[in-house]
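The values are calculated or read from the model by the stated rules, or taken from the named source; none is laboratory data. Here the structure is a predicted model, which means the values were calculated and not measured. Cβ: placed from backbone, ideal geometry, glycine included. Neighbour counts: every protein chain shown.
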Number of protein chains: 2
Amino acid sequence: MSEEGQFQPVRPTRAYEAIVAQIEDALTRGTLRPGSRLPSERDLMRQFSVSRSTVREALRVLESAGLIRSRPGDPNGAEVLPFSTMHLRKPLERLARMEGLSLGELIQFRMILEGSANRLAAQLRTDEQVEAIDASLRRMSEAIDEGYAAFSAADVAFHDVVAQASGNSLILVCSDVVRDVVLALIEDKLQRAPDRAALMRQSVAHHTEVFEAVRDGDHIRADQVARCNLYEYYASYLPEESDHTLRALLDK
Amino acid sequence: MSEEGQFQPVRPTRAYEAIVAQIEDALTRGTLRPGSRLPSERDLMRQFSVSRSTVREALRVLESAGLIRSRPGDPNGAEVLPFSTMHLRKPLERLARMEGLSLGELIQFRMILEGSANRLAAQLRTDEQVEAIDASLRRMSEAIDEGYAAFSAADVAFHDVVAQASGNSLILVCSDVVRDVVLALIEDKLQRAPDRAALMRQSVAHHTEVFEAVRDGDHIRADQVARCNLYEYYASYLPEESDHTLRALLDK
DNA sequence: TTTAATTTGTTCGTATGTATG
DNA sequence: TCATACATACGAACAAATTAA
């Protein structure tokens, strides 16, 4: 190998970064499990042989990443938190709000994920899962009369059941996150929609179409219908120029 | 609305959190633009009327989120960084390394992402991007003789150029992260592969197939070929029972 | 090139409010 | 109620790094 013996570029690592790295490492390694406790700040400054401030900077970073939570006076030390989609939501939403990421890209990504989830679900779903999807579809219909909040919750439940049936938890988590961020970005426009009841009925019709494809095991159709429905539902919120990038995902 | 007049649960906000919130706000508002500088830590402690430790905790959090960068001795203060999807890398990587996530799910996810990236690239790519993809393909061929590390780097470059051509930066960063995690999981097995040169030649053949589909604008074929190639490349590392979940993504 | 001023990185000591037993 | 250990926050100090005169 010609690379052997080559040097790698270095960046001065600050003390708090080394601490964060060690604790993150223990987390991915499983040495540190959700629910367990970190040593107290004073113990940590002894173990890492750094000052209290340095330990605290590391803990603040870990806390802002949603990995731990520390409370004043807690004699057990900081708590290691279980994984949550929040960890991904915050940075994604921030990026979208700062226009580092367009709404078009987010919806495009969602079309890909939802389409694939439905494709997989159509092929791999059990009969119980078909029943569960059907049930959440009926729940959506009921929820129309209970207002938008209830309907939205039922909508989320539907997609979760489908993603569950796909058997891929990565799709499930990513879909959840992207959906939430998209809704957060356009919720004001959604609130001002002229006829929300009509929108909800249209949504139920769309979801019914998807359900039938999944039930019949028609994975090609399930995939395509899911993408088309998302496009129809969201296209109006998008700028003209990004329209063709979404249309690229529609056929077949 | 029946919820009106209800109280919201509160959480004591720590000083550093309030500072982070204010700076993030200025960032989304556009008051603070990428490339501009934050005041020095001593200025900030005066403006927020807190101690320097508190200012520093806030700066460390913003820095770990990839929003700013501070260097020792810089008289201009911390630099506001441009918004980039790269900020999603760390949280995404934590997700992909999440406990209970199987190799099969990761590869399935990568098949979906790469397939979609190629599909989009086939439809949206410019002539310059076709040329760039071709160039990185030639680079892969050259790198075979330079060893696995060089080849792997060229491989990464190829996928990056394709993902770039897809126009969706979310696909780019997700593919990157998932690929890295998959490689980390099986690198020991890859090291022990009997004939790595043959593997690399096979890989180049696969990539050539994808390139031709993208060049010809055949998005259906680009999508399918990308999925199949990934399956063929990785299937041998997978347990028997998850094979059918990957095969579900192969046809058409 | 050297020097001087300023900034960040880090440490230490202290005061205050809080949770637990 | 009290004692203890904890986190929060402050402020002074010094070293190392950077920039500009």
The correct count of residues that are of a type in the set (Gly, Ala, Ser) and more than 10 Å from DNA strand C (Cβ to nearest atom) in segment B:75-94 is 1
If you go through segment B:22-35, how many residues are loosely packed, with under 12 Cβ neighbours inside 10 Å and not β-branched (Val, Ile, Thr)? 5
Go through (1) over 25 Å from B:THR126 (Cα atoms); (2) away from chain A (no Cβ under 14 Å); (3) surrounded by 13 or more Cβ atoms within 10 Å (Cβ to Cβ) for B:ALA213 and report which single condition fails. (1)
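Does B:PHE158 satisfy the criteria of being away from every other protein chain (no Cβ under 14 Å) and either assigned to a helix (DSSP H, G or I) or closer than 18 Å to B:ASP218 by Cβ (or both)? Explain how you work it out, then say what you get.
Working: away from every other protein chain (no Cβ under 14 Å): yes; either assigned to a helix (DSSP H, G or I) or closer than 18 Å to B:ASP218 by Cβ (or both): yes.
Yes.
Among the residues of segment A:52-69 satisfying the criterion of being without any contact (Cβ under 8 Å) to a residue 12 or more places away in the chain and either in contact with a Pro (Cβ under 9 Å, 6 or more places away or on another chain) or within 9 Å of DNA strand D (Cβ to nearest atom) (or both), which is farthest from the other protein chains (Cβ to nearest Cβ)?
Quick first cut of segment A:52-69, residues without any contact (Cβ under 8 Å) to a residue 12 or more places away in the chain only: A:52-53, A:60, A:64.
Going one step further and asking which of them are either in contact with a Pro (Cβ under 9 Å, 6 or more places away or on another chain) or within 9 Å of DNA strand D (Cβ to nearest atom) (or both), we end up with A:52-53, A:60.
Numbers: A:ARG52: 9, A:SER53: 6, A:ARG60: 5 Å.
Among them, the one singled out is A:ARG52.
Here's the yes/no breakdown for (1) more than 30 Å from B:GLU99 (Cβ to Cβ); (2) surrounded by fewer than 17 Cβ atoms within 10 Å (Cβ to Cβ); (3) out of contact with any Cys (no Cβ under 9 Å at 6 or more places or on another chain):
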site	(1), (2), (3)
A:GLN129	no, no, yes
A:GLU142	yes, yes, yes
A:PHE151	yes, no, yes
A:ARG196	yes, yes, yes
A:ARG227	yes, no, yes
If I filter segment B:62-69 for residues that are of a type outside the set (Gly, Ala, Ser), away from DNA strand C (no atom under 16 Å from the Cβ) and assigned to a helix (DSSP H, G or I), do I get at least one hit? no
Counting only residues that are at pLDDT below 85 and either within 8 Å of the chain's Cα centre (by Cα) or within 14 Å of another protein chain (Cβ to nearest Cβ) (or both), how many does segment B:166-196 have? 2
Can you tell me which of (1) modelled with pLDDT of 90 or more; (2) near DNA strand C (Cβ under 8 Å from one of its atoms); (3) farther than 23 Å from B:LEU59 by Cβ is the one A:THR54 doesn't meet? (3)
Can you tell me which residues in segment A:20-51 are within 11 Å of another protein chain (Cβ to nearest Cβ) and either in contact (Cβ under 8 Å) with a residue 24 or more places away in the chain or away from DNA strand C (no atom under 16 Å from the Cβ) (or both)? A:VAL20, A:GLU24, A:ASP25, A:LEU27, A:THR28, A:ARG29, A:GLY30, A:ARG33, A:PRO34
Listed residues B:ASP251, B:ASP218, B:ASP243; which is of a type outside the set (Lys, Arg), within 14 Å of chain A (Cβ to nearest Cβ) and closer than 23 Å to B:ALA132 by Cβ? B:ASP218
Which of (1) within 9 Å of chain B (Cβ to nearest Cβ); (2) surrounded by fewer than 18 Cβ atoms within 10 Å (Cβ to Cβ); (3) farther than 30 Å from B:THR28 by Cα; (4) more than 16 Å from DNA strand C (Cβ to nearest atom) is the odd one out, the single condition A:PRO72 does not satisfy? (4)
Looking at segment B:233-247 only, could you name the residues that are under 25 Å from the mean Cα position of the chain (by Cα) and in a loop (DSSP other than H, G, I, E, B)? B:LEU238
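How many of the residues making up segment A:73-122 are part of a loop (DSSP other than H, G, I, E, B) and either farther than 20 Å from B:LEU120 by Cβ or among the aliphatic types (A, V, I, L, M) (or both)? Quick ask: steps written out before the conclusion?
Step one: list which residues in segment A:73-122 are part of a loop (DSSP other than H, G, I, E, B), which gives A:73-78, A:81-85, A:98-102.
From what's left, either farther than 20 Å from B:LEU120 by Cβ or among the aliphatic types (A, V, I, L, M) (or both): A:73-78, A:81-85, A:98-99, A:101.
Adding up the residues that qualify gives 14.
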Please find, within segment A:70-85, the residue that is farthest from B:PRO34 (Cα to Cα) out of those that are out of contact with any helix residue (DSSP H, G or I) (no Cβ under 9 Å at 6 or more places or on another chain) and away from DNA strand D (no atom under 16 Å from the Cβ). A:PRO82
Quick check on my filter: what residues within segment A:206-252 are small (Gly, Ala, Ser) and over 16 Å from B:ARG119 (Cα atoms)? A:ALA213, A:GLY217, A:ALA222, A:ALA226, A:ALA235, A:SER236, A:SER242
